Amino acid sequence: MTEEVKEIMFREHEEYMINMGPQHPSTHGVLRFEVYLKGEVVTKLVPHCGYIHRGIEKMCEKDTYPQIIHLTDRMDYLSAHINNEAVSLCVENALQVEVPERVKYIRTILAELNRIASHQLWWAAFGMDLGALTTFFYGLRDREKILDIFEESFGSRLLHSFITPGGLMHDVHPNFQKRTKEFIKYFRKKLPEYDQLLTGNVIFQNRTKGIGILSKEDAIAYGITGPSGRASGFSCDIRKKYPYSAYPFVQFEEKLSHEGDSFARYQVRIEEMWESMKIIEQLVDNIPEGDYTAKMKAVLRLPEGEYYQRVETARGELGVYIVSTGEKFPYRIKFRTPNFSNLFIMNKLASGGKIADLIAISGSLDLVIPDIDR
Amino acid sequence: MLTSIIYDFSPLTHRIDQFLSETFSPGWAVTMELVIVGLVFLLFYAVVGLFLVLAERRVCAFIQNRLGPNRVGPEGLLQTIADLLKLLFKELIPIKRADKFLYNLAPFIVIIASFMAIAAIPFAKGLHAIDFNIGIFYVIAVSSLGVVGILLAGWSSNSKYSLIGAMRSGAQIISYELSVALSLLAIVVLSGSMQLSEVIASQESGWWIWRGHLPAFIAFLVYLIASTAEINRGPFDLAEAESELTAGFHTEYSGIKFAFFFLAEYMNMFIVASFATTMFLGGWLPFHIDGWYAFNHMMDFIPPVVWYLGKTAFIIYLIMWFKWTFPRLRIDQLLTLEWKYLLPINLVNILIVAFISWKNWHF
Amino acid sequence: MEIINYIKDILKALRSLWKGMMVTGYYFVHPKEIVTQRYPENRKKLEMFDRFKGEVTMPHDENNTHLCTGCGICETNCPNGSIEIITRKEINPETGKAERVIDKHIYHLSMCTFCELCIKTCPSNALAWGQSFEHAVFDRHKLTKVLNQPGSKLRKEPKEKKVTEEKN
């Protein structure tokens, strides 16, 4: 039998298709995977996104620049502050406005707190996907402390719309510094417990070591940024390459790994949590006094032209591209979201593995679906 | 009279037997005895099942820094009854092209298998329903019937998810039965008999888990791991892994049929734990230390049923602790664990145990 | 040699499993670490933070007066139309001229995204955050609220320098 005939017979008789459909406990949102299987082994994987497309970029075309902020919150809702910061920085650079030092420090502290909160939720959900159901509760219990800090200063726990073009909406609560320092002390004791429970566990290591190996060339070719890219050796931390806000004033390391498997992605995120705590410790005691916003006009009109700004969210590089024709609304705004690029490596990584490996890979890539669909 | 009943149930059972054989003809007496024993076991099954479901939810809640169900009834004791009522009201969704006879038969087979195994458990002196000379062999044989129920459930549901789940589960249970049987064999070699009451009687001078030092301890560990895999629980529960394939082999079951599978899983846990206590931890015998007469006398004061239930509760707590701490194993890792690690360890262990028993080197 | 590695692997694996069990076992025997709040039994003692964003309200004082002049700046700034301002003309008894007075300040709680722009840009500081969070209703139309209470009037305050800045 020729190879072609064998292929056709395989496709018709042995291969079967399963939908890990839009409602599924482990795809972290509404995403459909069409999985083609032969027995227990995955041969092909086709992701279908778009179930939560809300037309954010189109809605932004009729909103003024301060009004865009509340929509960007809802893209990657786990790093809401960082999304707001991206648009604010883009607008401020276009208008050539210099923000006060206090604003820069507070923006960076909020971004790092948000990064820790996002990684805590990722750890919680990853453990739960793999079957260790208690990690969900431990991760969320520690995340509640950060959400309390946010609730005291801004009034909301997840979607704040706090960082606006020009500075901040209002000043942070007087208790902010004290609570942040308490949280750092508390979390430094709890993070080694995460290692004890999951990282050193032999079952967990067998489930993730050697699974879904992403080579550095593939990471660069597909544009996989963030901790997933850094785990393959692709040095892509925007905070180091194109520093913004208060990042030039702090010392921290960019954590790289060269294995590229799921365990490396896991390790990089845990180490990023330690680095974020280091950054916060360097900044929280030295917040300069001053205004919480620069003087901005009532109606913002960007000069004609195109402007781009990139920031490092918890999942990778977020790019904001604004085309302006001089009006108070943007002509076109485009978001280069990290999850959209990270999603399409799934086919390459999951083919040849088993269904259980598919879950481990998608958990370690840390996808947030509304960011894919905007 | 009442107080001594708790310590030894045989006078009570003899009195009932005498009463029945005097009033009725022998055939009818035997039938009535069977009916009474059956009813008692049904009641026991239902009550313990209800209690175990609640216990699991509260244990898992405490491990996870939260409270668990504590509103329905005092401390949540009536929670499972509320769940049962909810399941009874649910619609039994019929599947279009499922094999109807097998689809309806599968939950019953699972329940029957676990029911037959419960009959052989020694609860206390005199409370032992089936006590023949191949006791443990009967139990292992009968609990293997559960696999048939699971495979039937997966096959007859006419759904891809159920089929994958049932196939995985079938492979897993059949492999781990070997380890369960071999680790229990170690105790059979030490005690010299398969009859369960003899095994308990041979532990009067001390439980096998420390009298048989190292090999008995290894056999205990292997038995714990293998039996958690047998009952599809804990780190070996990918047959019903919620986050991978919806609900595995019982995806297509709803209402009371799902309740049967659910209940059978918890009762299997109870059975596995009670055989661990019978063989390794001395069954209903109290904890004695050689030579401390006052201590032994105090330990004798607690009724054997309480000893038995306490030890079983401890093993059940261990099994629950495993489930809520460890991530799941993949199917090929699970089979590797059995065939490459547990089975060789078991075989070597049996050699050592046979040697020790021959040379009388146990305590 | 391989047997030694085999046994070492098994012992290392058992040790890692034991360490994991110690973590969960610790939390099992320490019920003081339970973080559940007994809602709804603790409603009376529940205190939200000061700045908690429950819903947008228009604070009225004890004389039933508020600060809203009906200028419509909040309606312009709201990104998705959750505010509708209806005004009417009234003759001011002191000056005799017709001026604009707020009739209804309609707030659609069902559409609000809690972005805070209306509160920030109001020139008379008429709006503020309320702290109630139990908004669940059976009928969607109950979520459309009129913020100024019936029979309330505009509070005339002496002209003082506003503390808020004009940012947007």
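Among what's in segment A:140-162 and is free of Cβ contacts under 8 Å to residues at least 24 places away in the same chain and assigned to a helix (DSSP H, G or I), pick the residue that is farthest from the other protein chains (Cβ to nearest Cβ).
Residues of segment A:140-162 that are free of Cβ contacts under 8 Å to residues at least 24 places away in the same chain, as a first pass: A:140-141, A:144, A:151, A:153-157.
From what's left, assigned to a helix (DSSP H, G or I): A:140-141, A:144, A:151, A:153-154.
Values: A:L140: 10, A:R141: 6, A:E144: 7, A:E151: 5, A:S153: 7, A:F154: 7 Å.
Step by step, filter segment A:140-162, then rank; the result is A:L140.
Residue by residue through segment C:1-53, note down the ones that are surrounded by 12 or more Cβ atoms within 10 Å (Cβ to Cβ), within 43 Å of the chain's Cα centre (by Cα) and assigned to a helix (DSSP H, G or I).
C:G20, C:M21, C:M22, C:V23, C:T24, C:G25, C:Y26, C:Y27, C:F28, C:E33
If the requirement is being outside any loop (DSSP other than H, G, I, E, B) and in contact (Cβ under 8 Å) with a residue 12 or more places away in the chain, which of these qualifies: A:A111, A:A132?
A:A111
Which condition does B:A61 not pass, out of (1) in contact with a helix residue (DSSP H, G or I) (Cβ under 8 Å, 6 or more places away or on another chain); (2) at pLDDT 85 or above; (3) surrounded by 15 or more Cβ atoms within 10 Å (Cβ to Cβ), if it passes all the others?
Answer for B:A61: the failing condition is (1).
Return yes when A:D285 is away from every other protein chain (no Cβ under 14 Å) and in contact with a His (Cβ under 7 Å, 6 or more places away or on another chain) and no when it is not. Walk me through it before giving the result.
Values: away from every other protein chain (no Cβ under 14 Å): yes; in contact with a His (Cβ under 7 Å, 6 or more places away or on another chain): no.
Taking the combined requirement at face value, the residue does not satisfy it.
Looking at A:T180 and the list (1) within 14 Å of another protein chain (Cβ to nearest Cβ); (2) over 24 Å from A:H28 (Cβ atoms), which single condition is not satisfied?
(1)
Do we find that A:K189 is crowded, with 17+ Cβ neighbours inside 10 Å, within 14 Å of chain C (Cβ to nearest Cβ) and either in a helix (DSSP H, G or I) or within 23 Å of the chain's Cα centre (by Cα) (or both) in this structure?
no
Among the residues of segment B:39-51 satisfying the criterion of being closer than 20 Å to B:M320 by Cβ and out of contact with any Leu (no Cβ under 6 Å at 6 or more places or on another chain), which is nearest to the other protein chains (Cβ to nearest Cβ)?
Initial filter on segment B:39-51 (closer than 20 Å to B:M320 by Cβ): B:45, B:47-51.
Filter again for out of contact with any Leu (no Cβ under 6 Å at 6 or more places or on another chain), leaving B:45, B:47-48, B:50-51.
Details: B:Y45: 27, B:V47: 25, B:V48: 22, B:L50: 22, B:F51: 19 Å.
Looking at residues that are closer than 20 Å to B:M320 by Cβ and out of contact with any Leu (no Cβ under 6 Å at 6 or more places or on another chain), I get B:F51.
Of all residues in segment A:142-198 being modelled with pLDDT of 85 or more and in contact with a strand residue (DSSP E or B) (Cβ under 7 Å, 6 or more places away or on another chain), which is farthest from A:E289 (Cα to Cα)?
Going through the qualifying residues, I end up with A:G155.
Of all the residues that make up segment A:234-249, how many are out of contact with any Gly (no Cβ under 7 Å at 6 or more places or on another chain) and either crowded, with 18+ Cβ neighbours inside 10 Å or more than 26 Å from A:S88 (Cα to Cα) (or both)?
8
Pick out the one residue from B:L67, B:L54, B:L20 that is more than 21 Å from B:I121 (Cα to Cα), in contact with a helix residue (DSSP H, G or I) (Cβ under 7 Å, 6 or more places away or on another chain), away from every other protein chain (no Cβ under 14 Å) and modelled with pLDDT of 85 or more.
Within the list B:L67, B:L54, B:L20, the selection yields B:L54.
Out of all the residues in segment B:140-169, which are among the basic types (K, R) and either closer than 24 Å to B:M194 by Cβ or buried (at least 23 other Cβ atoms within 10 Å of the Cβ) (or both)?
B:R168
Conditions: (1) within 14 Å of chain B (Cβ to nearest Cβ); (2) closer than 18 Å to A:E271 by Cβ; (3) touching a residue at least 24 places away in the same chain (Cβ under 8 Å). A:Q120 meets all but one. Number of the miss?
Of the numbered conditions (1) within 14 Å of chain B (Cβ to nearest Cβ); (2) closer than 18 Å to A:E271 by Cβ; (3) touching a residue at least 24 places away in the same chain (Cβ under 8 Å), the odd one out for A:Q120 is (1).
May I ask you to say which residue of C:D61, C:D103 is more than 10 Å from chain A (Cβ to nearest Cβ), modelled with pLDDT under 85 and not in a strand (DSSP E or B)?
C:D61
Against the definition (part of a strand (DSSP E or B), hydrophobic (A, V, I, L, M, F, W, C) and at pLDDT below 85), how does A:M17 come out, yes or no?
yes
Can A:K348 be described as assigned to a helix (DSSP H, G or I), farther than 19 Å from A:R115 by Cα and among the basic types (K, R)?
Yes, satisfied.
Looking only at segment B:15-65, count every residue that is at negative phi and not in a helix (DSSP H, G or I) and tell me the total.
3
So for segment A:200-210 (the condition being surrounded by fewer than 19 Cβ atoms within 10 Å (Cβ to Cβ), closer than 25 Å to A:K354 by Cβ and among the hydroxyl-bearing types (S, T, Y)), does at least one residue qualify?
no
Scan segment C:112-140 for residues that are assigned to a loop (DSSP other than H, G, I, E, B) and at negative phi and report the count.
17
Mind listing whichever residues of segment B:17-36 are closer than 29 Å to B:W307 by Cβ and surrounded by 13 or more Cβ atoms within 10 Å (Cβ to Cβ)?
B:D17, B:E33
Can you name every residue in segment A:192-203 that is more than 8 Å from chain C (Cβ to nearest Cβ) and touching a residue at least 24 places away in the same chain (Cβ under 8 Å)?
The answer is A:Y194, A:D195, A:T199.
If I filter segment B:191-234 down to residues being among the hydroxyl-bearing types (S, T, Y) and in contact with a Ser or Thr (Cβ under 9 Å, 6 or more places away or on another chain), which single residue comes out as surrounded by the fewest Cβ atoms within 10 Å (Cβ to Cβ)?
Once the filter is applied, the top-ranked residue is B:S193.
List pairs: first residue in segment C:14-25 and within 7 Å of another protein chain (Cβ to nearest Cβ), second residue assigned to a helix (DSSP H, G or I) and charged (D, E, K, R) anywhere in the structure, Cβ distance under 7 angstrom, at least six positions apart or on different chains.
C:V23/A:E193
The values are calculated or read from the model by the stated rules, or taken from the named source; none is laboratory data. Remember, predicted model here, so these are calculated numbers, not experimental data. Cβ coordinates were reconstructed from backbone atoms using ideal geometry, including for glycine residues, and neighbour counts include every protein chain displayed.
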